[in-house]
Amino acid sequence: MNIDKAVLMFAGLVVLLGLTLGWLVSPYWYLLTAFAGLNMIQASFTGFCPAAIVFKKLGVRGGCAFS
């Protein structure tokens, strides 16, 4: 697995977690989903993604979008 796939998987998990917690616990958890979406949008413009930095430090090999 490379960084690109790891970031996509992590973003998908955060979105699903936010939706599940928003449905089961409190609607305020939908803000987590909104944060994940906004972070994906800004990463597409700037190329800066905190999750990619963390995955890189964990030793995940580089990809095309986040090297």
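Each value in this text was obtained by applying a stated rule to the coordinates, not by laboratory testing. On a predicted model such as this, the values are computed, not experimentally measured, just so you know. Please note: Cβ atoms are built from the backbone with ideal geometry, for glycine as well, and neighbour counts cover all protein chains shown.
Add +1 for every Lys or Arg and -1 for every Asp or Glu among the other residues with Cβ under 13 Å from the Cβ of residue 66, and state the total.
+3
For the chain, what is the Kirkwood hydrodynamic radius in Å, using each pair of distinct C-alpha atoms?
Taking the inverse mean of 1/r over all distinct Cα pairs, the chain comes out at 12.4 Å.
Return the sequence-ordered ³J(HN,Hα) values of the stretch 14-22 in whole Hz as given by the Karplus equation 6.51 cos²θ - 1.76 cosθ + 1.60 applied to θ = phi - 60°, using x for Gly and Pro.
Result, ordered by residue: 5, 5, 5, 5, x, 5, 5, 5, x Hz.
What net charge is computed for the residues neighbouring residue 11, neighbours being all others with C-beta under 14 Å from the C-beta of residue 11, Lys and Arg scored +1, Asp and Glu -1?
Once all neighbours under 14 Å are counted, the net charge is 0.
Counting other Cβ atoms within 10 Å, which chymotrypsin sites (Phe, Trp or Tyr not before Pro) in the chain have at most 13 and lie in a DSSP loop?
48
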